[in-house]
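Below is one structure, written out as C-alpha cells; the observations come after it.
The values are calculated or read from the model by the stated rules, or taken from the named source; none is laboratory data. A quick note: this is a predicted structure, and the numbers were derived from the prediction, not measured. A quick note on method: Cβ atoms are made from the backbone with ideal geometry, for glycine too, and the neighbour counts reach across all protein chains shown.
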Amino acid sequence: MKKRNAILTATLGILLYTNVASAAVLFSDDFDSRSDWSPAQGASGATCIPGQNCATPIPDGYYDYRVAGTEACSNTDGNHNTLNINGQHPRGGAGKSFMMWNEPCYSRSGSWGSDGLLGIDFAPQNEVYVRYWVQFQPDWRWNGDGSIDGLALGTANPSPMQKFMHISHLDPTNPNLWDFFSGTQNKPRFTPQLAKFGGGSYRLQFNLPHSPLTAARDSSASFTTNVYLGAAPLDMNVPGPAGLPAAPRDGGWHSFEFYVKLNSAGGVADGISKVWYDGALVESTTNVVWVPLGDDPAQWKWNHAWLGGNNANLYLPANEQWYAIDDVVVSTTYSGPPAQPLSLSAAAVAANTVSLSWSAGSNGVAYNVDGYRIYYGKDASNLDMKLDAGNVQQYDISSLDPSTKYYFAVSAYSKGSYDSNDNEGMRSVTASATTASGAAIAVADAVAPVDSISSPANGSTVSGNVTVNVAASDNVAVSKVELYLNGSIFGVVGSAPYTLSWNTANNPNATYTLTAKAYDAAGNVGQTTSSVVVKNAVAVLDASAPVIGSFTMPASATSLTVPVSAFAASDDIGVTGYQITENATAPAADATTWKTSAPTSFTFSAAGSRTAYAWCKDASGKVSAAKTALVSITIATADTAAPVVAFTSPVDGSKVKGTVTVSANITDNVAVSKVEYYVNGLLKLTSTSAPYSVPWGTTNYPDGSNTIMIKAYDAAGNVGQSSVTVIVANDAIAPSVSIVSPVAGSTIGGTVSVSANASDNLAVERVELYLNGALVATSTAAPYGFSWNTANAANGSYTVSAKAYDAAGNVGQASATVSVFNDTTAPSVAISSPVAGSTVNGTVSLYANASDNVGVTKVEFYLDGALQATSTAAPYGFSWNTANAANGSYTVSAKAYDAAGNVGQASATVSVFNDTTAPSVAISSPVAGSTVNGTVNLYANASDNVGVTKVEFYLDGALQATSTAAPYGFSWNTTTAASGTHTLSAKAYDASGNVGQSASVSVNVVNDSVAPVISVSAPTKDYLTSSKLPISASATDNVAVVKMEAYVDNALVISTNNSSFSVSTNIAKGVHTVTIKAYDASNNVAVFSKTVNRFF
C-alpha cells in the first residue's frame, strides 16, 4: 500500500489549493500487506471520520468509511459485513483485496440498500485519473435477467443498478461527509454505476455533475432514466463494439479507469469525463458542466474518491452476492492497461512455425507497454496456450503441429512501480494460420515491401469521399496492397497506383486508424499506419417507426389511476417519447404530452371498462402503432378522511442520541395502508403494519436540530402527517472557551467590552457571560460578548466568567479576575496667564495649571464659552491672536478632564484693546524749497493717540535714520548727496504697528568744492614808510563769494559779506604779516598772505 498527498495536509486551506506539481501517483493500494478489516454494522450501521475514536478504526492511509445497518438492507442475515479487506478473492491468486457484500433487497425506505463506502483523500486536482480492478461474483445476478427463480428476461421493472465508486470534491470542514443531494457537500460528483434498464443489456450510467439536483445543473434526480453529462445523454452499453467482455458475470478481473476534468469556468460546457474498460476507451464526453454558472471551479477541485456504493437490485433467489476491488491507483496520468493491439497477422513459415506481427493500439491516451502476451490454440473459442513475447511486435512460434490450423490473439501489458500485478489489456482480434505438411516452406525472399500512406495526411480531419493513396515498393515486386480501417479490411489493390476511394459518410464521426499492408509473392508484409479524424455533418437516417414490444396493465382496478405493469419499446435509431391515451387516434409527434420515459401509471377519465392505448415515437417524428390494454375500473365510496398521526416518541424539543425509538399512534376511519418515516425531509423507512415503531440511528445525522416526520396513508390516498423537532446530541466533547477582554489582572473603568472566544468540534450553540457568578448576558453567535458599564459597580475585584454550550449540552468554562476602579474626582485647574483684569492685545499666550488625583487627559480653552483649543500635555496653553477680537471684555475659561470623564473648570476676565489709529507726522526742518549744503539738521513733529514708538527719516524713499524719542531728528550730511533737488519724508509708528506718513518736502542741495580767487590791490610793496597800512582786495568764485576777511598779524581788521573791500590800519615799525581770506557758500576758503616791513 502506498499513500500520497492527503486532504488533511491542506487542512482548512483546501479551498485555496492550487494545482499539485508532484509525483503522478497520488494514492495506491494493493491491500496485500494489510490486516483483515471489517467494521461491524448493527441496526444503524457505522461511520468513522478523521479525529473520531471509532470501534473499528479507519484503515491506515484512508480517510473515512461508512456502512449502513440492517435497517437499510445491509448484512440482514448476519453472514457478511458490507465492507471487508481479506484474502478471499485477491487478484493474482494471492494476497488480499477489498470486498463488498450486497443483500438482495431494497431497504425498508423503499430506496437503495447495502450501502458501504471506503474513502480515499488526495491533493486537490483540476483533473484526475482513478483506476482499479474489479471482479464480480461469477454468477452475479440482475433482477429481470432470466436467472432461475428470478424475473423473466426482459422484464421492465424494476431496473436494477449497482454503484461501485465515486469521485468528488469533499469539504473536510463540513462534518456531514456523506451529504450527496442537498448541495452542501460532495459537489461536483462523478458516480458510475452498472445498470440493466428495463431488462436491457448491461450499461454504465453516470451522475451527477453538481448537487443539488436541478435542471439548471445538468442533472437528474431519477435513476430510472439516463442522466446527463453536459448536454448529451450517456447510454453506453457493455458489452459493446470491438468485442468488449461481457462483464460482470464472466467472473474475471476487469480494469476500470475513470478520468474527470473540471470545466474551465462556471457554466462553461468544456468539462471532460472518460472511461477505459480493460484499456479500451468506452466513454468520452467533452462538454460536461461539472460546475454550474455562478460557481468557481477553483473552489471545487477533485480531492476524494470512495470505493463501493449502494445498490437497488431485487434479485432472486434471496442470497448475498459480492464483488472485489484490487490494485487501486489515483494518479495525474493514465495508469491502466495498454490498448488492444491492432492488425494481427499470422503466416506459416515452416511445418511447425507460424510468424506473427501486430501493431500497438490506440485508446486516446499515452500509455506504457512492458510486453505482449500471445494466446493460441487449435480451437478459436479456447486459446489454451500462451507465452510472453517481450516488448516486440513480431514473433515466431515454433514447435507447432504440421498441417494444423492454429488461432492466435495478442494482448499488451504494463506494470507500474506501485502495482503488485501487471495490467493486461484486451486481446486483439483473432488471426489464424495453417502450418505446412512435412517439409519446411522454402523462403526465397525474406525482404518485406516498404509502404507509406501519402494521403490523407496523418492527424488530418476528413469528410465526404476521400482518396487514400499508398506508396509501396519491394526488392522483387509488390503483389498487392490491403487497406484496413480500425483493423478491418475495406479494400485491396493489385497494382500501382495503390489508391482507394473512402466514403467517410458511412462511418460515425470519430478518430480512425488507417493501415496499409504491402505484400510480395513470398508473403512478406510491410505495414504502415496513419490516424485521421472523420467529421461529417450528422444526418440521422430513420428507416422505420418504433415498435412497442410490451404494454400491460392490471385487468381490474379500484382507482382511476392505474399502474402500468410493463411498457417497453424499441427503434432503429432510438425511442424519444412515450404516451398513453384513451383515444385510438395516434397523437401528433409534436404534441406536448409526450414523456421522455415510459409512464409508470395512467389516470383514466372515468370508471368502467376502459381501453388504454400505448404509443411511442422516435427522433424523426415517427409514431408507433398502438398497443392496448383493457382495464375494468370499479371505484368504491370515496374516503376523504385522512389518517391521524400522534407522536409518542421522541418528544418534540427533546435531546436524543444513539439509537432512538420513533413511534406514533396512528388511526384511520377505514385502515392505514402504509406509514412513511422522514428525517429532515428525506424518506428513510416505510412500514405497512402496526405497531408503528422503528429504531432511528442518530449517529448518522449532525448534532443539532433534526426534524422527524411521519406520514400515514390510507387506501384512498388520504395522507395525515405529524412532525417533531429534536436535538441530536451525540457529541461528548465540550467547547473550548477563553476570556479575550478584559485581560485577567487588569484594572478597568467606565464601559468595557467583555468578549470571549469559543470553538467546538461541531458548533457552539451559545455562550453565557457571568459577573461574580451572576448571569448577565447570553450570546448565540460570534463575537461572543456584551458591554459592561462598570460605573454601576463598586470599585473592587470582580470575576468575569464565560460558559460555552454545544447542541449536545456539553459545557466549557473560563474566567478572569479584574479590578474595577472608577474615578469620580474632577481635576483642579486655574488660569495662569493672562492675569484676571489685565488688558491684552496682539497675540497673547493663554496658560492654565491643571492637576488630577489620577491624571489629566486634556485641557480645553474657551473664549466667552466657545471652544478655541485643546491641549493634551503640560504646559497646557495656546496662542490667542486678540486682533481677531473686538476691543472689549472677555471671559477666558479652561476645562480640565481626566480619563474617567471628570471635568474641572476655571475662568478669568480680561480686556482686549487693539490700537488702529496711525500717528500724525510732518517735516519741520528744513523748510520745503530751501537750499541746503553741508551738514543739515532734519526734524519732524510726530504725535499719536497712544504714543509714538519711533520715527523713520527717508531721503528720496531710502531710509536714512530712525529716532525713538522727541525731538525726532538727525543730522544730514548733504555732501553725501548729489547736488540738486531731493525729497525728504518721515514715517511715525505706534506700539500697535500703525504707521503715519508725512508729506514730502523738496530741498535743493548745493555743495561747492572750488575755492574763490583773491585779487590784492594793496599792499603791493614789501615795506612801508608810514604808520598807515592800506589793505585792498577783491574775490571771485565759480558760484559766489559770501564773505571776505583781512588780518594783520592774525588780528582781524575787517570782515565783510561783499566780494571786495578796502581798509587802512595803523601798524608799528617792524615786520608784519597781512592775511586776506575769501569764502563761498560751500565754505571753500581762499587765503592770501604777504609780509611788509615798516622802516620809519
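Before moving on, here are some points about what is shown:
- Within the set Ala521, Ala510, Ala607, the sole residue that is surrounded by fewer than 18 Cβ atoms within 10 Å (Cβ to Cβ), closer than 30 Å to Gly459 by Cβ and in contact with a strand residue (DSSP E or B) (Cβ under 8 Å, 6 or more places away or on another chain) turns out to be Ala510.
- Here Gln321 passes the criteria (1) surrounded by fewer than 18 Cβ atoms within 10 Å (Cβ to Cβ); (2) modelled with pLDDT under 90 except the one numbered (1).
- For region 601-641, a residue qualifies if it is in contact with a Phe, Trp or Tyr (Cβ under 8 Å, 6 or more places away or on another chain) and among the β-branched types (Val, Ile, Thr), and the qualifying residues are Val623, Thr628, Val631, Ile633.
Here's the yes/no breakdown for (1) free of Cβ contacts under 8 Å to residues at least 60 places away in the same chain; (2) in a loop (DSSP other than H, G, I, E, B); (3) outside the structural domain of Val365 (by TED's automatic domain parsing); (4) under 19 Å from Ala347 (Cβ atoms):
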position: Asn475; (1), (2), (3), (4): yes, yes, yes, yes
position: Glu482; (1), (2), (3), (4): yes, no, yes, yes
position: Ala496; (1), (2), (3), (4): yes, yes, yes, no
position: Pro508; (1), (2), (3), (4): yes, yes, yes, no
position: Leu514; (1), (2), (3), (4): no, no, yes, no
position: Ala518; (1), (2), (3), (4): no, no, yes, yes
position: Val562; (1), (2), (3), (4): no, no, yes, no
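- Residue in region 272-282 that is among the acidic types (Asp, Glu), closer than 16 Å to Val128 by Cα and in contact (Cβ under 8 Å) with a residue 12 or more places away in the chain present: no
- Single condition Asn287 does not satisfy, out of (1) in the same structural domain as Lys187 (by TED's automatic domain parsing); (2) of a type in the set (S, T, N, Q); (3) under 32 Å from the mean Cα position of the chain (by Cα): (1)
- Inter-residue pairs, beta-carbon under 7 Å, first in contact (Cβ under 8 Å) with a residue 24 or more places away in the chain and more than 16 Å from Met426 (Cα to Cα) and in region 372-385, second among the charged types (D, E, K, R) and not in a strand (DSSP E or B), 6+ apart: Gly377/Asp384
- Scope region 824-833; condition within 22 Å of Asn902 (Cβ to Cβ) and in a strand (DSSP E or B); matching residues: Ser828, Val829, Ala830, Ile831, Ser832
- Region 57-68 - residue that is under 22 Å from Glu103 (Cα atoms) and crowded, with 24+ Cβ neighbours inside 10 Å and, of those, modelled with the lowest pLDDT: Ala68
- Selection from region 603-625 of residues that are under 14 Å from Ile548 (Cβ atoms) and either touching a helix residue (DSSP H, G or I) at 6+ places or on another chain (Cβ under 7 Å) or of a type outside the set (S, T, N, Q) (or both): Ala612, Tyr613, Ala614, Trp615, Cys616, Lys617, Asp618, Lys622, Val623, Ala625
- Screening Val835 on (1) within 58 Å of the chain's Cα centre (by Cα); (2) loosely packed, with under 14 Cβ neighbours inside 10 Å shows it passes everything except condition (1).
- Strands (runs of 3 or more DSSP E) wholly inside region 326-421 containing at least 3 residues that are at negative phi and crowded, with 16+ Cβ neighbours inside 10 Å: 342-350, 353-359, 371-377, 405-414
- Count of region 979-1000 residues, restricted to those that are part of a strand (DSSP E or B), among the small types (Gly, Ala, Ser) and touching a residue at least 60 places away in the same chain (Cβ under 8 Å), is 4.
- Hey, Ser454 among the small types (Gly, Ala, Ser) and at pLDDT 85 or above or not: yes
- Only one entry of Val912, Val892 meets the criterion of being under 30 Å from Tyr847 (Cβ atoms), surrounded by 12 or more Cβ atoms within 10 Å (Cβ to Cβ) and touching a Leu at 6+ places or on another chain (Cβ under 7 Å), and that entry is Val892.
- Test: residue in region 12-21 that is in a loop (DSSP other than H, G, I, E, B) and modelled with pLDDT of 90 or more: no
- Selection from region 1011-1030 of residues that are exposed (fewer than 14 other Cβ atoms within 10 Å of the Cβ) and either basic (Lys, Arg) or outside any strand (DSSP E or B) (or both): Thr1020, Lys1021, Asp1022, Thr1025, Ser1026, Ser1027, Lys1028
- Selection of region 742-798 for residues being in contact with a Lys or Arg (Cβ under 8 Å, 6 or more places away or on another chain), assigned to a strand (DSSP E or B) and of a type in the set (S, T, N, Q) yields Thr778, Ser779.
- One residue from Ser399, Ser452, Ser460, Ser411 being touching a strand residue (DSSP E or B) at 6+ places or on another chain (Cβ under 7 Å), over 20 Å from Tyr512 (Cβ atoms) and touching a residue at least 40 places away in the same chain (Cβ under 8 Å): Ser411
- In region 151-197, residue modelled with the lowest pLDDT [restricted to those that are basic (Lys, Arg) and either surrounded by fewer than 17 Cβ atoms within 10 Å (Cβ to Cβ) or over 22 Å from the mean Cα position of the chain (by Cα) (or both)]: Lys196
- Unique residue being surrounded by 18 or more Cβ atoms within 10 Å (Cβ to Cβ), at pLDDT below 85 and among the hydroxyl-bearing types (Ser, Thr, Tyr) when the list is Thr515, Thr504: Thr504
- Among the residues of region 284-310, those identified as in a strand (DSSP E or B) and either without any contact (Cβ under 8 Å) to a residue 60 or more places away in the chain or surrounded by fewer than 22 Cβ atoms within 10 Å (Cβ to Cβ) (or both) are Ser284, Thr285, Thr286, Asn287.
- Selection status of Ala791, under 18 Å from Arg766 (Cβ atoms) and either of a type in the set (A, V, I, L, M, F, W, C) or under 35 Å from the mean Cα position of the chain (by Cα) (or both): no
- Strands (runs of 3 or more DSSP E) contained entirely in region 834-941, each with at least 2 residues that are more than 30 Å from Ala977 (Cβ to Cβ) and modelled with pLDDT of 90 or more: 843-851, 856-863, 866-871, 876-881, 888-898, 903-912
- Among the residues of region 456-467, the ones that are surrounded by fewer than 14 Cβ atoms within 10 Å (Cβ to Cβ) and under 16 Å from Thr529 (Cα atoms) come to 6 in all.
- Scanning region 806-816 for any residue that is touching a strand residue (DSSP E or B) at 6+ places or on another chain (Cβ under 7 Å), among the acidic types (Asp, Glu), surrounded by 18 or more Cβ atoms within 10 Å (Cβ to Cβ) and not in a strand (DSSP E or B) turns up nothing.
- Residues satisfying the stated conditions in region 954-978, i.e. of a type in the set (Ser, Thr, Tyr), without any contact (Cβ under 8 Å) to a residue 40 or more places away in the chain and surrounded by fewer than 17 Cβ atoms within 10 Å (Cβ to Cβ): Thr962, Thr964, Ser971, Thr976
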